[in-house]
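Peer 1: Take a look at this one; I'll ask things after.
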Amino acid sequence: MIKTDSRTGRLALAVAHCAGMVDLVALPVWVGTLIAHYAFDPQQAGALVTLFLVGAVLASAVFAPRFHRLRGRPAAALGFGVAAAAFFAASTTTAFNQLAVLHAVAGFSAGTGLSFTHGTIGRSANPHRLFAIVGMALGAFAVLFLGGTPQLVAALGGPVLFIVFGGVMALAAITSTLAFPVPDEESQASQSFRASGQRLPGVIWYGIAAISCMAVAQAMVFSFVERVGVDRGFGTERVTAVLIAIGLVNLFPAAIAALLQRRVDARTVVLAGPAVQGVLALTIAVSSGFEAYALATAVFVVPMLFTHTFAFGLLAKLDVTGRATAATPAMLMIGSAIGPVLGGTLVKAFGYGGLGAAALLIDIVAIVLFARLMPTTRSAEATP
């Protein structure tokens, strides 16, 4: 029986996390490819990615409440396997309607695998640390993906993107089949809470909503950073270099979050994170100079990765059953699902400036919601 504290178990969780969270890395390349190689407008391109994310949200909504009753290994393996098949099929068509269906199927399937991945992490001995470890793996994956995929797409055409996605999902299906770990044994507190039939503490929903708001702002802006650079005449080579820099920078937030777990107050992190994200979003949207655009874009994902690691640990502490953390794909992707199509609509109607202003307002809402989570967090920490 493979456990969460084993090397093989952590490797399988890391690969599954990278596959399920592919949107966090791939959004600019994904949307840019659909616009440049498939001739879709920003709203259509955003809608296709949104369908993938809506599928993931639905899967998480279905399986997160049932996490403690189902076996993770077959669910994750089957989910990622079906997602791989859907993406491989997407590489064979250019029809919008067919791509729409395949995006939705891939999203639901990948979201299934990701729900069991995050639920298993949430039921480990140190959820914050293990989530940081898989976050570091996502950073390494970002370097490889953003360093190579744009060049492959430019040389071989848009369908290559879906072949890459399919390969990533297939690898996750294989590693999940061979090494997906079982969650740690439930604590007595978890068993008692679940047996009592109580619902999750209501205040947890403030944290979930706040993370979703950050995901909306993240997806809105990140989907179009490649297009912003190209449309402002910075040149494909320089924009590609910025995308590679994103991957390199993403190696560090999760590692730093792990090191600072007991040195930095999580409450401070979750309040500061949305503020930093909002400022960076506005900078990307309105900057006319390459230097400001490049710097803000290169570090744009950092607030989300860093803040969410601390927020994940807070939610795992407030809910001992693992159900809240199993819902991580829903809380992230319900925001991400809205982001691309909302961003495309804003760009179409108001230009990139409207995109940045909207992201800043959404991040202000996230700060207010995280502030509502704080009293219960303090109470949980004070309980012996």
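The values are calculated or read from the model by the stated rules, or taken from the named source; none is laboratory data. Note that the coordinates shown come from a computational prediction; the quantities given were computed from them, not determined experimentally. Don't worry about glycine lacking a Cβ; one is built from the backbone with ideal geometry, like all the others, and counts go over all protein chains shown.
Peer 1: Can you name the residue in the range 10-25 that is under 17 Å from VAL57 (Cβ atoms) and aliphatic (A, V, I, L, M) and, of all such residues, is surrounded by the most Cβ atoms within 10 Å (Cβ to Cβ)?
Peer 2: ALA19
Peer 1: Which is crowded, with 21+ Cβ neighbours inside 10 Å and either more than 23 Å from HIS118 (Cα to Cα) or modelled with pLDDT of 75 or more (or both), of ALA316, ALA357, ALA298, ALA292?
Peer 2: On inspection, the qualifying residue turns out to be ALA298.
Peer 1: Out of everything in the range 164-184 that is in contact with a helix residue (DSSP H, G or I) (Cβ under 6 Å, 6 or more places away or on another chain) and not in a helix (DSSP H, G or I), what residue ends up being surrounded by the most Cβ atoms within 10 Å (Cβ to Cβ)?
Peer 2: The qualifying residue surrounded by the most Cβ atoms within 10 Å (Cβ to Cβ) is PHE180.
Peer 1: Here's something else I'd like to know. Give all pairs with beta carbons closer than 8 Å in which a residue from the range 328-344 that is modelled with pLDDT of 80 or more meets a residue that is acidic (Asp, Glu); count only pairs at least 6 apart in sequence or on separate chains.
Peer 2: GLY344/ASP41
Peer 1: Mind listing whichever residues of the range 37-59 are at pLDDT 90 or above and not in a helix (DSSP H, G or I)?
Peer 2: Within the range 37-59, HIS37, TYR38, PHE40 meet the criteria.
Peer 1: From (1) surrounded by fewer than 20 Cβ atoms within 10 Å (Cβ to Cβ); (2) part of a helix (DSSP H, G or I); (3) not aliphatic (A, V, I, L, M), pick out the condition that doesn't hold for SER109.
Peer 2: Tallying (1) surrounded by fewer than 20 Cβ atoms within 10 Å (Cβ to Cβ); (2) part of a helix (DSSP H, G or I); (3) not aliphatic (A, V, I, L, M), SER109 fails exactly one: (1).
Peer 1: Looking only at residues in the range 144-163 that are surrounded by fewer than 19 Cβ atoms within 10 Å (Cβ to Cβ) and closer than 23 Å to ALA298 by Cα, which one is farthest from the chain's Cα centre (by Cα)?
Peer 2: So, considering only residues that are surrounded by fewer than 19 Cβ atoms within 10 Å (Cβ to Cβ) and closer than 23 Å to ALA298 by Cα, the one farthest from the chain's Cα centre (by Cα) is ALA154.
Peer 1: Run down ARG227, ARG262, ARG238, ARG199 and say which single residue is part of a helix (DSSP H, G or I), among the basic types (Lys, Arg) and either closer than 27 Å to ILE338 by Cβ or at pLDDT below 85 (or both).
Peer 2: Only one candidate qualifies: ARG227.
Here's the yes/no breakdown for (1) surrounded by fewer than 24 Cβ atoms within 10 Å (Cβ to Cβ); (2) β-branched (Val, Ile, Thr); (3) free of Cβ contacts under 8 Å to residues at least 24 places away in the same chain:
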{"residue": "THR8", "(1), (2), (3)": "yes, yes, no"}
{"residue": "LEU27", "(1), (2), (3)": "no, no, no"}
{"residue": "VAL49", "(1), (2), (3)": "no, yes, no"}
{"residue": "LEU53", "(1), (2), (3)": "no, no, no"}
{"residue": "PHE63", "(1), (2), (3)": "no, no, no"}
{"residue": "GLY79", "(1), (2), (3)": "no, no, no"}
{"residue": "ASN97", "(1), (2), (3)": "yes, no, yes"}
